[in-house]
Structures are given as C-alpha cells and as structure tokens.
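> Submitted below is the structure of interest, expressed as structure tokens.
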Amino acid sequence: MRSFLTALQFLTRIHVVRQDNLTIEDFGRSVRCFPLVGLVLGVLSFLVGLCFVNFVGPSYLTAAVLVLLPIVLTGGIHCDGFMDAADGLFSGRERARMLEIMKDSRVGSFGAVAFGCSLLLDFALVLDLGQAPMILLIAVFLAPVIGRAAMVLAVACFPYARPEGLGKMFHDLAGRGAALSAIIVAAAVAAPWGAGALLVLMCALGGAWMFDRWAAGKLGGLTGDVYGATEKVTETCVLFFFWVLLHVPQAQWLLGGWRF
C-alpha cells in the first residue's frame, strides 16, 4: 500500500495521505504500481466521460473535458516531460547538447509545437470516437493504464542516459520484474473489454517500444523526460488504435457489441 500511495502522490495531484518521509527506495519500489495509478485515473475519466456522454452527449465540450481531465489530475507532469523531450530530440544537436536542452526548465519552440499538435490530435480522436460512446469510454479508461505500463517498460528495459537524476533512481530500483508485472496488470484490465482492447494494448505498447528505441538511440539511453513522453505518446496511440478498429470495417468485429 505504501508503494501505491507513493506512486499516486508522485504521478498525480491526488494525495490521499501525507507522506513526508519518503526514501529513494520508496520511489524505486513504487514503479510497479504505476499501472494501478493509471487504473485510478482511468476510472475517474470513465465516470466523468459517462456523465458527459449521458447529459451533454458526444460533443466538442465532452471531447475537451476528456482531453484536459488527465492533465488536471496529473498536474501536467507527463506533458512537461513530453515538451522537454521534444525540445531535445528534435533540436538536431549532438547527444550532450540534447540532454542539456532537455534539462532546461524552459519550454522551447519544438516542445510547444509538439504539445499543441498532440492536444489537437487527442481532441480529434476523442471527438471522432464519440460516434461510438462506449468505445470512447473504454478508450479513455484504458489509455492511462496502458500509458503507465509503457512507462514501466521504459524504466525497466532501457538504460538511463545520465549518470544521475530522479529517473535513474527509478531505473536502478525497478528491476525487470516490474516490466512483467506492468504487462500483466495492463492485460488484466484490458481483457474484460474483449479482443479489440487486447489488440490495442499490444499495438500501443509496440508503438511505445519503438519510440523508446528511437529516443535511446539518439540519447544513449532514456531520461525522466522521455518516460513522461512515453506515457503521453502511448495514450495517443491507444486512442488512435481504437479509432482504427472503429473505422476499418474488417476490424470492427474485434469490438464486439461495445461499438454500439
């Protein structure tokens, strides 16, 4: 329970209890609980989405709320990492300079443009998924779970690019068992929604893995900012692959009765 509360406190603005005496080991052990934090966020998104779908209907307002809600609940922690990572990775500089740019707390033009494009794409996908409200609700429920499972894979399976840092603490203490645990939790959460949800899980994790391979190739490993970017990219992948299942006639059978 301590590890879960530590992860919840670190990744979100939801502070159930006050924890002032956390150690490095506490943060390292909390990595296994990242998908469970995603489950909490997914439930909240599902409930808010259900209310808006029933009382407002699929609309621009509903789409905007569902895109902005995760940012509010997390304090934008993953968005910050996404923008910093974009500034560094798209800078076209040498490896050391990329890492230096990513460490700068100021947001550059690459980060701002990338984040704006990401929000626009998420909004369009959510709005389009609204034509099948149940699929939309499943997507916003699963996205934070799969996104944080992808974070665990990034933490556990890729080297850390810097000799020190908060992300290195997670990497050193997570262990490969955390990756297997994250996949099991994500699969267990996705399985009740059918074959389509499991396919989306595999495709989204595959997309996250390719992104991490690309980033690690440029940086010589990953950083805390890339962990946040991985989460953000994976959530968008989840929405996109549900959109694909909904709009490709040959794949709609995977959605079962949920598409109606």
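> Could you please find all residues in segment 217-231 being part of a helix (DSSP H, G or I), more than 19 Å from Cys79 (Cα to Cα) and open to solvent by less than 30 Å² (accessible area, probe 1.4 Å)? Talk me through it step by step, then tell me what you get.
Our first condition is that a residue be part of a helix (DSSP H, G or I); within segment 217-231, this holds for 217-219, 224-231.
Now drop any that are not more than 19 Å from Cys79 (Cα to Cα), which leaves 217-219.
Within segment 217-231, Leu219 is the sole residue that qualifies.
> Is it the case that Glu25 is in contact (Cβ under 8 Å) with a residue 40 or more places away in the chain and open to solvent by 60 Å² or more (accessible area, probe 1.4 Å)? Talk me through it step by step, then tell me what you get.
On the way: in contact (Cβ under 8 Å) with a residue 40 or more places away in the chain: yes; open to solvent by 60 Å² or more (accessible area, probe 1.4 Å): yes.
Yes.
> Another question, if that's okay. Of everything in segment 53-65 that's part of a helix (DSSP H, G or I), open to solvent by 10 Å² or more (accessible area, probe 1.4 Å) and in contact (Cβ under 8 Å) with a residue 24 or more places away in the chain, which residue is nearest to Val107 (Cα to Cα)?
The first filter runs over segment 53-65 and keeps only residues part of a helix (DSSP H, G or I), leaving 53-55, 60-65.
Next cut, open to solvent by 10 Å² or more (accessible area, probe 1.4 Å) only: 53-55, 60-61, 64-65.
Adding the requirement that they be in contact (Cβ under 8 Å) with a residue 24 or more places away in the chain leaves 53, 60, 64.
Numbers: Val53: 35, Tyr60: 28, Ala64: 23 Å.
Among those residues, the one meeting the criterion is Ala64.
> So, in segment 53-68, of the ones that are small (Gly, Ala, Ser) and out of contact with any Leu (no Cβ under 7 Å at 6 or more places or on another chain), which residue ends up nearest to Asp128 (Cα to Cα)? Outline the logic, then answer.
Let us first name the residues in segment 53-68 that are small (Gly, Ala, Ser), namely 57, 59, 63-64.
Those left that are additionally out of contact with any Leu (no Cβ under 7 Å at 6 or more places or on another chain): 57, 59, 64.
Details: Gly57: 13, Ser59: 9, Ala64: 12 Å.
Among residues in segment 53-68 that are small (Gly, Ala, Ser) and out of contact with any Leu (no Cβ under 7 Å at 6 or more places or on another chain), the one nearest to Asp128 (Cα to Cα) is Ser59.
> Report, ordered by the first and then the second residue, all pairs with beta carbons closer than 9 Å, sequence separation of six or more or different chains, a first member in segment 158-186 that is under 18 Å from Val37 (Cα atoms) and open to solvent by less than 30 Å² (accessible area, probe 1.4 Å), and a second member that is at pLDDT below 75 and among the small types (Gly, Ala, Ser).
Hits for this filter: Phe170/Gly28; Ala174/Gly28.
> So if I check each of Leu121, Leu39, Leu47, Leu125, which one is farther than 27 Å from Gly224 by Cβ, out of contact with any Asp or Glu (no Cβ under 7 Å at 6 or more places or on another chain), part of a helix (DSSP H, G or I) and modelled with pLDDT of 95 or more? Quick ask: steps written out before the conclusion?
Values: Leu121 fails: farther than 27 Å from Gly224 by Cβ; Leu39 fails: farther than 27 Å from Gly224 by Cβ; Leu125 fails: farther than 27 Å from Gly224 by Cβ.
Among Leu121, Leu39, Leu47, Leu125, only Leu47 is farther than 27 Å from Gly224 by Cβ, out of contact with any Asp or Glu (no Cβ under 7 Å at 6 or more places or on another chain), part of a helix (DSSP H, G or I) and modelled with pLDDT of 95 or more.
> Also: Can you tell me which of Phe46, Phe4 is more than 26 Å from Asp212 (Cα to Cα), touching a helix residue (DSSP H, G or I) at 6+ places or on another chain (Cβ under 6 Å), surrounded by fewer than 21 Cβ atoms within 10 Å (Cβ to Cβ) and of a type in the set (Phe, Trp, Tyr)? Explain how you work it out, then say what you get.
Numbers: Phe4 fails: more than 26 Å from Asp212 (Cα to Cα).
Just a single option satisfies the conditions, and that option is Phe46.
> The conditions are (1) farther than 20 Å from Arg213 by Cα; (2) touching an Asp or Glu at 6+ places or on another chain (Cβ under 9 Å), and Met151 fails exactly one of them. Which is it?
(1)
> Within segment 187-196, how many residues turn out to be crowded, with 20+ Cβ neighbours inside 10 Å and more than 16 Å from the chain's Cα centre (by Cα)?
Looking only at segment 187-196, we keep the residues that are crowded, with 20+ Cβ neighbours inside 10 Å, and these are 189-190, 193, 196.
If we keep only those that are more than 16 Å from the chain's Cα centre (by Cα) too, we end up with 193, 196.
Qualifying residue count, segment 187-196: 2.
> Which of the following residues is out of contact with any Asp or Glu (no Cβ under 9 Å at 6 or more places or on another chain), assigned to a helix (DSSP H, G or I) and hydrophobic (A, V, I, L, M, F, W, C): Ala186, Ala208? It would help to see each step written out before you state the result.
Working: Ala208 fails: out of contact with any Asp or Glu (no Cβ under 9 Å at 6 or more places or on another chain).
Sole residue among the options that is out of contact with any Asp or Glu (no Cβ under 9 Å at 6 or more places or on another chain), assigned to a helix (DSSP H, G or I) and hydrophobic (A, V, I, L, M, F, W, C): Ala186.
> Still on this structure: Quick one: would you say Gly81 is more than 15 Å from the chain's Cα centre (by Cα) and crowded, with 18+ Cβ neighbours inside 10 Å?
On the way: more than 15 Å from the chain's Cα centre (by Cα): no; crowded, with 18+ Cβ neighbours inside 10 Å: yes.
For Gly81, the condition - more than 15 Å from the chain's Cα centre (by Cα) and crowded, with 18+ Cβ neighbours inside 10 Å - is not met.
The values are calculated or read from the model by the stated rules, or taken from the named source; none is laboratory data. Nothing here was measured: the structure is a model prediction, and the numbers come from that model. We place every Cβ from the backbone using ideal geometry, glycine too, and count neighbours over all the protein chains shown. Only protein heavy atoms, including side chains, enter the accessible area calculation; ligands, DNA and RNA are left aside. Shrake-Rupley method; radii C 1.70, N 1.55, O 1.52, S 1.80 Å.
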